[in-house]
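In what follows, a single structure is set out as structure tokens and then discussed.
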Amino acid sequence: MAMDTVRVGIIGAGWMGVVHAQGWQSNAPRGEVAAVADVSEDRARHIADRFASGRAKIYPDLDVLLADPSIDAVDICLPHHLHTEAILKAAAAKKAILCEKPLCLSLEDAARIRSALAETGVIFQAAHNQLFQPSLIEARRLLEEGVLGRIFVIRSIEAGQNRGFKTGRAPVEMGQGESSWSWRSDPRKSGGGEVLDTGWHGTYRLLALANDRPVEVTAMAGRYFVEQIDAEDTGFLLVRFASGMIGEIATSWAFSFASGWQFEVAGEHGSLAGNARRLVHQLAGWSQPAERTNEPVVTYTREITHFIDVLLRGEPVAASVDQAIRVLQLIKGAYRSVEEHRAVSLPEDPTRL
Ligand SMILES: NC(=O)c1ccc[n+]([C@@H]2O[C@H](COP(=O)([O-])OP(=O)(O)OC[C@H]3O[C@@H](n4cnc5c(N)ncnc54)[C@H](O)[C@@H]3O)[C@@H](O)[C@H]2O)c1
């Protein structure tokens, strides 16, 4: 794209709309919130006033925003059931796309999205913000260099007690509108429970560390804390990779673990573990682990920086549609495993199960 600034339209001005708008503002002047669309005008205006000095255009829906030729890209922050339509329409309108997780709710929709992106050539990035965590970036570099040798086991953890459902309050200050928890309580809109929602992060993190194809998943799920949803609030997934390596995803809205690790990897020469502030690795024979610490970063801002680099500098996308589809396949496989009490094979084509 021959331009210096990506003019983005944010679609969905709720919790993530606000967080992403902050991220775009932090990326000025390379990024600018030029328009906001939401069924709640109050919410759209709140973002325009707070993160675009009142200059962003306010639109009542996605169609009018997509018809605006001054918009280069869209940032989709809508409830889950609206992702597919928004992506397909944005691709038809030739707008570059950053889309919140989950990509969509079915593998059939994933296949339609993949075809539409291939046909239109539109750039797509999944909003896999935690890929930009410094400890994860460094861990992936160490694994790529073979520091741990052959990897045997990878654990990815995404667990925290979700009290939002109890209070019904919106997670951050934002304009008037439907609560972020209300559509999540409706399975037709959320498409699942915690595993599809927050577990999405644990899943793409596992796949990023593994750098291998998952071939089988076995899962258990339960509901322990969140009474307001008719779905699981906790899931444990065991994943077999093509190389024989084992992956585990522990994900929950019911609790967090005292250790605070987001990932642990163990292999031939040693092991490592990381979270938002620390990465430790210990090789066989070392008396102490090596440790790196970092200031916490706003991963949402970094994912937007990356999206801008993709658009302005032609950098390769760190979270492609194919990677997002693989995440969906694994999660769908996990739900089938829970339902049928068995291990589920994951075909090579990620749009099939
Ligand atoms: N990456 C993360 O850490 C993270 C965290 C929270 C949410 N999310 C994701 O962000 C997305 C949005 O979640 P949220 O928590 O911000 O939800 P939210 O309910 O706070 O925001 C959704 C917004 O969409 C608006 N909306 C609904 N229907 C619309 C329509 N037809 N047209 C235009 N606007 C419409 C609502 O009014 C609301 O303002 C979801 O995909 C969710 O999974 C990601």
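Bear in mind that the values in this text are calculations on the coordinates, not laboratory data. For clarity, every value in this text was computed on a predicted model and none was experimentally measured. Reconstructed Cβ throughout: ideal geometry from the backbone, glycine too, with neighbour counts over all protein chains shown.
Please compute the length gained on full extension between Glu144 and Gln176, using 0.36 nm multiplied by the number of residues separating them and subtracting their Cα-Cα distance. Before the final figure, lay out the partial values.
Values: separation 32, 0.36 × 32 = 11.52 nm, distance 4.67 nm.
Answer, rounded to one decimal: 6.9 nm.
Taking Cα atoms only, the orientation of helix 321-340 departs from the longest principal axis of the chain by about 60 degrees.
With both bridge residues required to lie in the chain, what share of the DSSP beta bridges run antiparallel, to the nearest 5%?
The antiparallel proportion sits near 55 percent.
Net charge in the neighbourhood of Gly235 (other residues with Cβ under 14 Å of its Cβ; Lys, Arg +1, Asp, Glu -1) is -3.
Rounded to the nearest 10 degrees, the inclination of helix 107-120 to the longest alpha-carbon principal axis of the chain is 60 degrees.
Packing-based ranking of 144-157, 284-297 yields 144-157, 284-297, ordered from highest to lowest mean Cβ neighbour count within 10 Å.
What number in nm² do you get for segment 1-69 if you take the convex hull of its Cα atoms and divide its surface by four? If you can, show how the numbers build up before the last one.
On the way: hull surface 17.1 nm².
Averaged projected hull area, Cα only: 4.3 nm².
Looking at this model, which pairs from Lys95/Lys166; Lys57/Lys166; Lys57/Lys95; Lys94/Lys332; Lys57/Lys332 are more than 28 angstrom apart at the alpha-carbon?
Details: Lys95/Lys166 38 Å; Lys57/Lys166 35 Å; Lys57/Lys95 17 Å; Lys94/Lys332 30 Å; Lys57/Lys332 38 Å.
Beyond 28 Å: Lys95/Lys166; Lys57/Lys166; Lys94/Lys332; Lys57/Lys332.
Projected over every direction and averaged, the convex hull enclosing the alpha-carbon atoms of the chain yields 17.2 nm².
Each principal axis of the Cα atoms in segment 19-175 has its own extent, and those three values, largest first, are 53, 43, 34 angstrom.
Neighbours of Ala90 by Cβ distance under 15 Å: Lys/Arg scored +1, Asp/Glu scored -1, total -3.
In deg cm²/dmol, rounded to 500, what helix-only [θ] at 222 nm does the chain give when every DSSP H run of at least 4 residues adds -39500 (n - 2.57) and the total is split over its residues?
-10500 deg cm²/dmol
Around His201, with a cut-off of 13 angstrom between Cβ atoms, what is the net charge of the other residues, counting Lys and Arg +1 and Asp and Glu -1? Here the charged neighbours net out to -3. Distance from the alpha carbon centroid of segment 3-47 to that of segment 158-186 works out to 20 angstrom. With respect to the chain, whose longest principal axis is taken over its alpha-carbon atoms, helix 299-313 is tilted by about 70°.
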